[in-house]
């Protein structure tokens, strides 16, 4: 029995790591997916204290570039995408709620980020999240929302957050992002890898296209 077991294991090892057949490649892809989905990803989530340790940005709501001809609801002239340009376009909103240019300049991800970026999250309680942090929260949509905290307040002895996409004119009341409680917070962003998320976005779009 031990001898037969060793033979089977050697054949399996050869099939997985040495065999260059199409079937071997398919099995390896399936195994890699299973390992990432059910072992590596949950393991990283456990270490970082969140169910979503790594997310792909699927919208342009945090993009500081011009999108559809406008940013923050207006179309600034000679916009080059610099921090000063962003403030010319969007600064009036922040001034109105008490966030100065100097304060915003100190925020993490002060230059926003793009659709297709990968963001790493860590679990954070609401009390530990501050204005300027970028969080992911449940907005009752298919995908969680990633926006910047623009207000933190107390209502009936409970803390709440208000967020806004850097690119957006204002908070989206339809997503109820003017009153985000502890139970809706998924994590706080702390690291970004540009554009790597397009692999996931294109794969999902490909599956959806052929699943219709």
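The values are calculated or read from the model by the stated rules, or taken from the named source; none is laboratory data. Values in this document were obtained by computation on a predicted structure and should not be read as measured data. Using ideal geometry, Cβ is built from the backbone for each residue, glycine included, and neighbour counts are taken over all protein chains shown.
Assorted remarks:
- Per-region count, region 47-71, residues assigned to a strand (DSSP E or B) and within 13 Å of residue 136 (Cβ to Cβ): 3
- Extreme residue, nearest to residue 57 (Cα to Cα), among residues of region 139-156 that are in contact with a strand residue (DSSP E or B) (Cβ under 8 Å, 6 or more places away or on another chain) and exposed (fewer than 15 other Cβ atoms within 10 Å of the Cβ): 153
- Within region 179-212, being at pLDDT 80 or above, assigned to a loop (DSSP other than H, G, I, E, B) and either surrounded by fewer than 17 Cβ atoms within 10 Å (Cβ to Cβ) or at positive phi (or both) holds for 179, 181, 194, 195, 196.
- Condition check for residue 103 on (1) in contact with a helix residue (DSSP H, G or I) (Cβ under 9 Å, 6 or more places away or on another chain); (2) farther than 17 Å from residue 58 by Cβ; (3) modelled with pLDDT of 95 or more; (4) part of a strand (DSSP E or B): one failure, at (4).
- Count of residues meeting criterion [buried (at least 19 other Cβ atoms within 10 Å of the Cβ), part of a loop (DSSP other than H, G, I, E, B) and under 15 Å from the mean Cα position of the chain (by Cα)] in region 125-138: 1
- The residue that is modelled with the lowest pLDDT, counting only those in region 59-84 that are surrounded by 16 or more Cβ atoms within 10 Å (Cβ to Cβ) and out of contact with any strand residue (DSSP E or B) (no Cβ under 9 Å at 6 or more places or on another chain), is 66.
- The one condition in (1) surrounded by fewer than 13 Cβ atoms within 10 Å (Cβ to Cβ); (2) touching a residue at least 24 places away in the same chain (Cβ under 8 Å) that residue 46 fails to fulfil: (2)
- Taking the conditions (1) in contact with a helix residue (DSSP H, G or I) (Cβ under 9 Å, 6 or more places away or on another chain); (2) outside any loop (DSSP other than H, G, I, E, B); (3) over 29 Å from residue 155 (Cα atoms); (4) in contact (Cβ under 8 Å) with a residue 40 or more places away in the chain in turn, residue 121 satisfies each one other than (3).
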